[in-house]
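Before any comments, here is the structure.
What follows is calculated from the coordinates using simple rules that are stated; it is not laboratory data. Not measured: the values here are computed from a predicted model. Cβ coordinates were reconstructed from backbone atoms using ideal geometry, including for glycine residues, and neighbour counts include every protein chain displayed.
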Amino acid sequence: MSFESLGLAPALLRALAEQGYAEPTPIQAAAIPVVLEGHDLLAAAQTGTGKTAAFALPLLQRLADTPATTRKPRALVLTPTRELAAQIDDNLRAYARHLKVRSTVIFGGVGMNPQINALRRGVDVIIATPGRLIDHMQQRTVDLSGIEVLVLDEADRMLDMGFLPALKRVLSALPAARQTLLFSATFAAPIKALAMQFMHQPREVSVTPPNTVTQLITHRVHPVDAERKRDLLLHVLSEDSRRQTLVFSRTKHGADKLVKFLEASGLRAAAIHGNKSQNARTRALGDFKSGRITVLVATDIAARGIDIDQLPVVINYDLPMVAEDYVHRIGRTGRAGAEGLALSLVSHDESGLLRDIRRLLDKDVAITDVAGFEPSAPLRLDAGAPRPKQGQRQPRQGGQGNGRAHGHGQSQGANGSHAAGNRKRQRRRRPAAKA
């Protein structure tokens, strides 16, 4: 199958050819014709399979085929993080290079005035995070009454209970007669039921079973005592100090401490999380992509917003509190046909979390001791494996986290709040997330 056979316009085909894209990926082949026909769509595919082009290409074609009659924005793409919004904007501009379609990106952490000026000049497509978009709605610097197409990227995250209030506010400002497209790696049943409330007879396409990851990724676990994790991480990284490695920490404070330790040990490292300014986050990501640093330590904010080709290794320094987040974390490796390694350093008190991940993957994960770092107690992976200790957050069933739409773009498990009990946990995490 070719892009031509999907019915894309010559201007889009030219842009794709200039970027070296010859054949559509499975999700693109399945989704593009459905979107071009005007249907609402629920599309599930693994991270790194070309989801952005699957909605961006038919969206651009629709806008190009029907010229604007007003200066109002005609399409809105919502994402949970700033990094993902910026990435989508870059891709969309590349695809639209031979079209007269204008786009702008709107997210927090930077000044509003340049965004206001772009909106005043007139744009066709807005790529936004919910928090900053609502800021513009409140100041009446954006008019969403002309939106013809709504896209929710990483829709499972957008529809969780943290982003839902903000999403409902945005939906209330959109025309009822619109095309709605939801793209994500996972669609839990409650999320799908929620989506049906604001979609019109959506078609569904899926190129992978729910919550699966590419077979090109090797999963490996190194058991280790919690107090020796840091030394084991250094040992693993030092085996090839030139190899680009993405390391996930559960908390922002933990990420910063880890970077200081790695830098003191002679490695080039940086942290990316919700407490960093947007400039610092952009600089760290740019340095990692260019190779100026070899280790990027991130909280779960990065699982949805980092697009790096040929990333060989992802290390879970801490396991995620929600098993589904493991899928998004390790989706940074094993992309575009390349093999990848997902390595997890697991302490005894994370046994229950590892058991959840193995159940989600529906496969055994290789567990190997590292000489000199053998744990004092083995992991417990039977049905009676312990849950996280008192004071640690419990994984929510069927959820994807509870990041707020107003805060710092922070995802589940990344804000360091380990309160026991739902009510206390909700109260402490409220300031956590302005995208």
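Listing for the model above:
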quantity: Extension gain from S290 to R242, taking 0.36 nm per residue of separation minus the Cα-Cα distance; calculated: 16.0 nm
quantity: Rounded, prolate or oblate (a/c below 1.5 giving rounded, otherwise prolate when a/b exceeds b/c) for region 97-164 by Cα gyration tensor; calculated: oblate
quantity: Cα gyration tensor category, rounded, prolate or oblate, for region 26-97 with a/c compared to 1.5; calculated: oblate
quantity: Phi-based couplings in Hz for region 196-203 (Karplus 6.51, -1.76, 1.60; Gly and Pro marked x); calculated: 4, 6, 10, 10, 10, 6, x, 7
quantity: Residue-wise HN-Hα coupling along region 59-64, computed from phi with Karplus coefficients 6.51, -1.76, 1.60 (Hz; x: Gly, Pro); calculated: 4, 4, 5, 4, 5, 6
quantity: Additional length obtainable on full extension of the chain from A366 to A176, 0.36 nm per residue less Cα span; calculated: 63.4 nm
quantity: Pairwise label distance in nanometres, M1 with I116, each label 7 Å out on the Cα-Cβ vector; calculated: 4.6
quantity: FRET efficiency estimate (nearest 0.05) - Cβ-Cβ, A377 to D231, R0 22 angstrom; calculated: 0.80
quantity: Low-density loop cleavage sites - GluC sites (Glu not before Pro) in region 220-319, where at most 12 other Cβ are within 10 Å (DSSP); calculated: E239
quantity: Shape of region 16-139, Cα gyration tensor, a/c cut at 1.5; calculated: prolate
quantity: R283/D90 FRET efficiency (R0 22 Å; Cβ-Cβ; nearest 0.05); calculated: 0.85
